[in-house]
Amino acid sequence: MKVVPAALAEPVAPVGRGWTASLALANGAIWVGWYGPLQILLAMQAEDFAPGTGMSKETLLAWVTGAGAAVSLVANPVWGALSDRTTSRLGRRTPWIVAGAAGGALSLLVLAAAGGLWAMVAGWCLVQLTLNAAFAAVTAAVPDRVPRLQRGAVGGWLGAAQILGVVGGTGLATAAGGVGAGYVACAVFVTVGVLPYVLGHPDLRLAVTDRPPWSWRGFLAGFWLSPRRHHDLGWAWLTRFLINLSNALVLLYLLYYLRDRLHHEDPEAGVLILTAVNGVTLLATVVAAGVWSDRVGRRKPFVIWSGVLMAVATALLAGWQTWPGAVVSAAVLGIGFGVFTSVDFALMTDVLPTALDRGKDLGVINVANALPQVAAPALAAPIVTHLGGYRVLYLVAAGIGLAGALLVRRIRGAD
């Protein structure tokens with residue numbers, strides 16, 4: 001009987017608090033690198049660079065974020081697949097976390113020095129290319145090391161770190177005192193945030209003899225996960241895509257919504273307040289929901305009802321277009337997204353096909369996080385400028401999120 005190597009075995013030993021905390025910090029640092037730009041800095045640069053381009057600031061921002069998301073679509077699964085095959089003495093995942101974080105920090109500095117549209121596009125695409133290497137490896141570390149009945153809790157802590165990264169990135173970008181300083185602050189945090197994990201927790205190593213033979217055809221073919229052969233994974237992917245698309249439509253033009261529709265006196269500060277409100281309510285549910293789903297051994301009801309709640313909150317933005325309405329919507333969205341973030345992550349790891357391809361398969365699943373960033377600008381820009389404005393945009397977003405929530409019922413192999 002062949003002994004399964006530790007790197008490929010189904011984990012049974014619970015992970016400790018130190019391991020979970022350091023991985024969560026690394027995850028949060030990556031999200032700082034993404035959302036400081038996405039929430040504040042890119043929108044400010046788009047406003048500066050739009051004159052003379054023939055595009056509105058909304059359209060320019062849509063093109064830049066869409067280009068970066070297109071890079072992310074390819075980068076995440078490719079980096080995940082390469083980490084699956086890595087036989088470094090540092091392990092399969094750690095080299096990619098280090099390289100991705102260092103590259104992401106340097107790419108943020110490129111954005112800090114951008115003097116025009118094309119430098120902005122290049123810098124943001126480099127950020128997506130590099131940080132996705134770190135994110136793919138951090139994500140794959142969970143099914144590598146965490147037993148199934150602990151994944152809801154660990155997913156909850158990763159989700160908490162994610163929203164703290166969003167809030168922290170927004171706060172750094174706002175408080176730094178300028179676009180360039182904001183990018184530098186985010187770059188420093190990305191670099192420092194991954195150190196406790198990579199220095200304090202040795203990774204599992206894959207022996208060269210356990211790595212499958214290389215072929216370009218096999219490598220490329222592995223990225224296609226047939227929905228017919230992997231029924232549950234296909235439906236899980238679609239539900240995540242739809243709910244994330246709804247969320248991306250809400251976030252994309254939030255700064256412009258506050259400035260142009262609600263006429264908020266300080267829209268940058270308004271984005272920070274809404275992000276903080278959302279973060280507080282998300283933190284109130286994200287870990288508790290993950291632990292609860294572990295204890296009851298069920299995932300689907302949590303994902304369904306969190307998606308429904310998020311759809312209701314998004315519809316509030318369409319029907320109650322005031323500052324108090326935005327605050328209430330942000331709070332309710334946080335409650336729903338907190339439950340969704342932790343439990344859906346655990347659901348995804350429960351339906352992975354094979355241990356050998358965890359990084360690649362999670363990379364394909366993570367396309368459901370990145371693809372909405374491509375689709376959202378394509379949907380949102382014409383709706384806001386030509387098809388009814390922000391009211392229609394948020395009604396469309398609510399309908400998409402509701403569809404995602406209801407389709408969770410099609411997953412058969414999980415409760």
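The values are calculated or read from the model by the stated rules, or taken from the named source; none is laboratory data. Fair warning: this is a prediction, and the values are worked out from it, not measured in the lab. So basically every Cβ, Gly included, is an ideal-geometry build from the backbone, and we count neighbours across all protein chains shown. Heavy atoms of the whole protein, side chains included, go into the accessibility calculation; ligands, DNA and RNA do not. Shrake-Rupley method; radii C 1.70, N 1.55, O 1.52, S 1.80 Å.
Here are the numbers:
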item	result
The lone exception for residue 367 - which of (1) in contact with a Pro (Cβ under 7 Å, 6 or more places away or on another chain); (2) open to solvent by 30 Å² or more (accessible area, probe 1.4 Å); (3) not charged (D, E, K, R) it fails	(2)
Number of the exception - residue 135 against (1) open to solvent by 10 Å² or more (accessible area, probe 1.4 Å); (2) modelled with pLDDT under 90; (3) under 13 Å from the mean Cα position of the chain (by Cα)	(2)
Residue 144 assigned to a helix (DSSP H, G or I), of a type in the set (D, E, K, R) and within 25 Å of residue 370 (Cβ to Cβ)	yes
Test for residue 399: is it modelled with pLDDT of 80 or more, surrounded by fewer than 18 Cβ atoms within 10 Å (Cβ to Cβ) and under 25 Å from residue 165 (Cα atoms)	no
Candidates 318, 346, filtered to the one that is at pLDDT below 80, open to solvent by less than 10 Å² (accessible area, probe 1.4 Å) and assigned to a helix (DSSP H, G or I)	346
Residue list for region 76-92, filter: out of contact with any Phe, Trp or Tyr (no Cβ under 8 Å at 6 or more places or on another chain) and crowded, with 24+ Cβ neighbours inside 10 Å	80, 84, 92
Index of the failed condition, residue 369 passing every other in (1) touching a Lys or Arg at 6+ places or on another chain (Cβ under 8 Å); (2) at pLDDT 75 or above; (3) of a type outside the set (D, E, K, R)	(2)
Yes/no for residue 169 being closer than 26 Å to residue 343 by Cβ, under 21 Å from the mean Cα position of the chain (by Cα) and surrounded by 18 or more Cβ atoms within 10 Å (Cβ to Cβ)	yes
Of all residues making up region 39-51, the number that are open to solvent by 10 Å² or more (accessible area, probe 1.4 Å) and in contact with a Gly (Cβ under 7 Å, 6 or more places away or on another chain)	2
All positions within region 370-396 that are open to solvent by less than 40 Å² (accessible area, probe 1.4 Å), of a type in the set (Gly, Ala, Ser) and more than 30 Å from residue 294 (Cβ to Cβ)	375, 376, 380, 381, 389
Test: residue in region 52-67 that is modelled with pLDDT of 90 or more, hydrophobic (A, V, I, L, M, F, W, C) and open to solvent by 10 Å² or more (accessible area, probe 1.4 Å)	no
Condition broken by residue 9, with the remaining ones in (1) of a type in the set (Gly, Ala, Ser); (2) over 27 Å from residue 109 (Cβ atoms); (3) part of a helix (DSSP H, G or I) satisfied	(3)
Unique match (being touching a helix residue (DSSP H, G or I) at 6+ places or on another chain (Cβ under 8 Å), farther than 23 Å from residue 43 by Cα, open to solvent by 10 Å² or more (accessible area, probe 1.4 Å) and in contact (Cβ under 8 Å) with a residue 12 or more places away in the chain) among 112, 102	102
